[in-house]
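Below: one structure, written as structure tokens.
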Amino acid sequence: MSEQGGKSGEKRPGTWASLARAMASWRTASVTLLSFSSGLPLGLVWIAIPDWLRSIGVDIRVVGLITLAQAPWSFKFIWSPLMDRYVPPFWGRRRGWMAVAQVALFATTLALAGLGEHPEAAWVVGALAMAVAFASATQDIAIDAYAVEVLRKEEQGVAVGARVALYRAAMFIAGSAAITLAGRVSWKWVVIGLATLYLPMLIITRFAPEPEERLAPPKSLKDAVWYPFVGFLSRHRALEILAFVFLYKLADNLGGTLLRPFLVDMGYSDLHRGVALGTIGLFGTILGTLVGGAWTTVLGLGRALWVFGVIQIVSNIGYVLVARAGAPSVWLMYSAIGFEQVTQGLGTGAFSVLLMRLTQKRFSATQFALLSSLFSIPRVVAGPIAGFLVYSIGWEPFFWFTMVGGIPGLLLLARFVPLGVRDPDFDVQSRPTTRTVSRPMMVGSAALAAVVGMGLGLVTTALLTAVQNLRKAPQAGFDFATPFGALFQPASVTDWVTLASIIVFGLTVGLLTAAVLAARSGAFYLPEQEAPPSPSGAPSP
């Protein structure tokens, strides 16, 4: 029996009744409001602090290094098992961690207030920015896990759209609005104001409802790391689902990564670019995500992924027209940006609901952090790939290529959500043991996969660097050996972070390989007491 079906004979509320019920829910309201607390530190660290430091005369090289404070958001899955395993002594497993993170955000943000006019303290600002980012990433883990556990299925779509709206609003307040306000008052008072915004968030956390289903944490840290992998990979077509998560937004990521340089090359002024990307783009994304999340409830997740997936692929046709126009056409450019951003938001709304449905509540912190990290990888690699393609084939063919690049995601979608399916079933199924995999075989395979993963990371990183160098100095020719060798001789903080990222990637590939073998064989599947309860409440056969 599916979770949506309910008890036998129970009448399922209609689509619009479910939507209205979800919008009036305190569960939805609390999850939405808490997303404001997630957007504040992101706007501060990504936007405001680099602007702040440069405006008081800090060396641009130092500012560039301090932007590495963004790293905790990319690596948050590393400590997410700790938040599945350990429970704070107050407010429950998820709200307790939220409260700890919010207190840390208040303290670290407030500590920045005394450094606003001291460029010699740039490294202290950088250290505090890293602390803010770490606390923020920890809070994001807890809030995402809380949303997975507390929301009912019919509430997820509405919550996703509303969360993005408040998240973006908070980013704007802590980023662009903070920069503007600092010019009128001072950074000290702006930062104090941002810090105090976490206090009402703490109150919301205190009174947010606990999940209806109470799940015991994993019994050990090893279980908290291992079972999320095995549990997810025990789903039908799990590897294809992972590939889909990686590829579904690829066309958007490729098309959007170089929008600013594209508009510059097309001859649009600073004013027009600012209006297009800072206003039309922002509101288009918010509107699209609100509509996409809400209509995922109306259409059903399966249909929404198909409809919005097709729409977001063809959305780059507007940029083809802008490139073909030759001379600047402001309204054509505004229309292209608005249409693409709305469709991107539609896809994001449905896709975010998918991530929530794929996450097991027992391991929601670790699994959601892993899935969202996998989802973010295409945004990282899209820039160098897009730059090389534009350099080679030009803008118009590039945007045609991005639309073709979205097709593999839809082909994978057809594998686990055939056309016409309203709500796919992602329940974890017990698997009979097909063949025994010994522990030495599993460990050896995982070690080999980790080495291959690290090698792939090294080659890919060196190749992208070589391509970038070729673009900067074509006369020097293509040189792969130099950037490849430099990876083994890190000389700066950036180099060490890059090398650490490659190592983490390789270890993750190794762990994933071991989990695949365990899940496919059934030999190391979750023991009965650790498996999630069946939707009907009946014991597993």
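The values are calculated or read from the model by the stated rules, or taken from the named source; none is laboratory data. Everything quoted here is computed from the prediction, not taken from an experiment. Please note: Cβ atoms are built from the backbone with ideal geometry, for glycine as well, and neighbour counts cover all protein chains shown. The accessibility values were calculated without ligands, DNA or RNA, using every heavy atom of the protein model including side chains. Shrake-Rupley method; radii C 1.70, N 1.55, O 1.52, S 1.80 Å.
Overall dimensions of the range 142-287, expressed as equivalent-ellipsoid semi-axes from the Cα gyration tensor (√(5λ), whole Å, largest first), are 36, 27, 14. Multiplying the residue separation of Ser438 and Glu210 by 0.36 nm and removing their Cα-Cα distance gives an extension gain of 78.0 nm. Using 1/(1 + (r/R0)^6) with R0 = 41 angstrom and r between the beta carbons of Arg324 and Val497, what's the FRET efficiency to the nearest 0.05? So, using R0 = 41 Å, E works out to roughly 0.50. Counting only protein chain heavy atoms and rolling a 1.4 Å probe, the accessible areas of Lys472, Lys361, Lys188, Lys249 rank, largest first, as Lys472, Lys188, Lys361, Lys249. Excluding ligands, DNA and RNA, what is the solvent-accessible area per residue of the chain at a probe of 1.4 Å, expressed in Å²? In whole numbers, the chain has 44 Å² accessible per residue. Its DSSP H runs of at least 4 residues, each contributing -39,500 (n - 2.57), put the calculated 222 nm mean residue ellipticity of the chain at -22500 deg cm²/dmol, to the nearest 500.
Work through the residues other than Ala99 whose Cβ is under 12 Å from its Cβ and net out their charges, Lys, Arg +1 and Asp, Glu -1. Combined, the nearby Lys, Arg, Asp and Glu give +4. Between Lys361 and Arg422, residue separation times 0.36 nm minus the direct Cα-Cα distance comes to 19.7 nm.
Summing charges over all other residues whose Cβ lies under 13 Å from the Cβ of Ala142, with Lys and Arg as +1 and Asp and Glu as -1, gives 0.
A simple rule links phi to the HN-Hα coupling: the Karplus curve 6.51 cos²θ - 1.76 cosθ + 1.60 with θ = phi - 60°, which for the range 276-287 gives 5, 8, x, 10, 4, x, 4, 5, x, 5, 4, 4 Hz, with x for Gly and Pro. Debye calculation, C-alpha points only, no solvent: report log10 I(q)/I(0) for the chain at q = 0.12 Å⁻¹, in the same order as the q values. Log10 I(q)/I(0), no solvent term: -1.35. Say each of Lys188 and Val310 gets a label point 7 Å from the Cα, pointing the same way as Cα to Cβ; how far apart are those two points in nm? Those two pseudo-labels are separated by 6.0 nm. Database remark: amide H of Asp423 closer than 5 angstrom to the amide H of Gly302 (H placed geometrically; neighbours at sequence offset of 5 or more, or on other chains; Pro and chain starts carry no H). Remark: accessible surface ordering of Met454, Met356, Met130 (largest first) is Met130, Met454, Met356, probe radius 1.4 Å. Loop sites by DSSP among the chymotrypsin sites (Phe, Trp or Tyr not before Pro) of the chain, restricted to those with at most 11 other Cβ atoms within 10 angstrom, leave 91-477 as the longest stretch without any of them.
Rounded to the nearest Hz, the phi-derived 3J(HN,Hα) couplings of the range 406-419 under the Karplus curve 6.51 cos²θ - 1.76 cosθ + 1.60 (θ = phi - 60°) are x, 5, x, x, 5, 4, 5, 4, 5, 6, 10, 9, x, 3, where x marks glycine and proline.
Couplings for the range 349-358, taken from phi via the Karplus curve 6.51 cos²θ - 1.76 cosθ + 1.60 with θ = phi - 60°, read x, 5, 5, 5, 5, 4, 4, 5, 5, 6 Hz in order; Gly and Pro are left as x. Taking all protein chains together, Leu233, Leu287, Leu332 sort by accessible area into Leu287, Leu332, Leu233, largest first [probe 1.4 Å]. Put the Cα centre of the range 199-241 next to the Cα centre of the range 58-102 and the gap is 16 Å. Hey, any idea what % of the chain's accessible area is carbon plus sulfur with a 1.4 Å probe? Using a 1.4 Å probe with all protein chains present, the chain comes out at 68 percent carbon and sulfur.
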